[in-house]
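Participant: Next up is a structure, given as structure tokens.
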Amino acid sequence: MRDRSLESFKEVIKKILDAYRLQLGVDEDVKIKIRRYRTRAAFSNIKTKTIYINKELLDLGEETLKYLILHELIHIKLNTKYHNGEFHSILSRFISPEEITIIRRNISERLLKIKS
């Protein structure tokens, strides 16, 4: 995915977002914004239903994008910024804990490179 254009990434992101919205039953319109952040992988504004993804992580692969979008979409669905039992239960239905560990490690390594 490293050689993709930003427009190409946006198409993949929209496809992932639409699929997870349907599977999670999120009826609200959710926007995604892509920007550079030095320390954040992704975050969401629950009030505006907007997910922000770090542009520096786009080339980590589609599984990473799925994780980031799903993670933030669960926050929007549950209307909470916290990682409670329900949050983890939903997340683990889609991505195994082992996969999550690998994805988070890759994200952390990339963010450390950005900061240095």
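Coordinate-derived values only; no laboratory data. Being a predicted model, the structure only gives us computed values, none of them experimental. So basically every Cβ, Gly included, is an ideal-geometry build from the backbone, and we count neighbours across all protein chains shown.
Participant: Return a yes/no flag: does the range 36-47 have any residue that is within 18 Å of F9 (Cα to Cα) and of a type in the set (D, E, K, R).
Facilitator: Checked the range 36-47: at least one residue is within 18 Å of F9 (Cα to Cα) and of a type in the set (D, E, K, R).
Participant: Show the residue pairs meeting these rules: Cβ distance below 6 Å; 6+ apart or different chains; first residue within the range 12-38 and crowded, with 16+ Cβ neighbours inside 10 Å; second residue in a loop (DSSP other than H, G, I, E, B) and of a type outside the set (S, T, N, Q).
Facilitator: Listed pairs, sorted by first residue: V30/K49.
Participant: Only residues that are over 22 Å from E28 (Cβ atoms) and surrounded by 13 or more Cβ atoms within 10 Å (Cβ to Cβ): list them for the range 89-104, please.
Facilitator: I95, E99, I100, I102, I103, R104
Participant: Scan L112, L17 and give me the residue that is in contact with a helix residue (DSSP H, G or I) (Cβ under 8 Å, 6 or more places away or on another chain) and part of a helix (DSSP H, G or I).
Facilitator: It is L17.
Participant: Something else about it: In the range 20-57, which residues are part of a helix (DSSP H, G or I) and acidic (D, E)? Give the derivation first.
Facilitator: First, pick out the residues of the range 20-57 that are part of a helix (DSSP H, G or I): 20-24, 55-57.
Once the filter is applied, which keeps residues that are part of a helix (DSSP H, G or I) and acidic (D, E), the range 20-57 yields only E56.
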